Structures are given as C-alpha cells and as structure tokens.
Amino acid sequence: MYGVVLWSDSKCDRALIWCEDHGKLAFFNGQSDRPDTLEAIEAGDLVKLELEETRDFRLAKDVELVSSDEYPQLADTLLEVGENFLPEAMQQARGPESNVIPFGRPQPMAKSETASKKSALPGS
C-alpha cells in the first residue's frame, strides 16, 4: 500500500501516514519498526508500506521511501478543508458508534460561554 506522511517527529522517530485506501491513519514507530535502509521520513513524503491492523489502530510496517517531499502541502490542505467541513461532518457523524475525532484548532470561548458551562457542572 502507498501513503503520504502527514506528520512526523524525528526526535521520537514516529509518523502518521494517510494511506491510499483512505482508512484510519497508520502509525509508524521507527524506534521498533524502522527498516535498516530507511532514512528519516518527513511530512509530504510518499511511502510504500505494509499494514498491520489491530482492534484500535493501524501500524505501518516495512516502510520504504518512494519519493521525498512529493506532497509537501497535503497536511495543510487537509487542515484547511477540515476546518470548513468538520462542523457539518461532526453533526452528521454523531452517534453511539461514531469514532470521528475533531482535530480542528481550539477556539477561545467567550466569558459568557465559560460561565454557563461552569454553572452546568454538578456542585456549581
């Protein structure tokens, strides 16, 4: 399978990869799964990988760099699209079986919202 690295941390040797099947993101742990021939991977790199699926997440194994910096703006583009689309998608996806997690930037709350949330807490 092919994928694009959306995020990487060279210090911890980890990455998140968006796979061509558009399923859950694949987690790469270079500390335990780095092939000897693989150098550091960065956001925007196109990689080839094998997936190991567990109940909760996907692991990227046998990762090979296909092309460095092939999609340098993909993560930013997805974030921009997500900021516009996510509120509507979250409304549609809510339900007991939903596993959608919002990754938008936190928005500051107005003082009136903060006060009303505090008064709704038990013991307030």
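A short reminder: the numbers here are calculations on the coordinates, not readings from a lab. Computed from a prediction, not measured in an experiment: that's the story for all the values here. So basically every Cβ, Gly included, is an ideal-geometry build from the backbone, and we count neighbours across all protein chains shown.
Structural remarks
- Here the gap between E42 and K61, fully extended at 0.36 nm per residue and compared with their Cα-Cα distance, gives a gain of 5.2 nm.
- Label-to-label distance, nm, for residues given as D76 and E50 (7 Å Cα→Cβ offset): 3.6 nm
- Computed label-point distance, nm, for sites S32 and K11 using a 7 Å Cα→Cβ extension: 2.2 nm
- The residues neighbouring L65, those whose beta-carbon lies less than 9 Å from its own, together hold a net charge of -2 under the Lys/Arg +1, Asp/Glu -1 convention.
- Cα convex hull volume per residue for the range 37-88 (Å³): 99 Å³
- Among L59, L49, the order by Cβ neighbours within 10 angstrom, fewest to most, reads L59, L49.
- Difference of contour (0.36 nm per residue) and Cα-Cα distance, K24 to Y2: 6.6 nm
- Along each principal axis, taking the top coordinate minus the bottom one, the Cα set of the range 1-77 gives 30, 27, 20 Å in descending order.
- Proxy reagent accessibility, fewest Cβ within 10 Å first, across Y71, Y2: Y2, Y71
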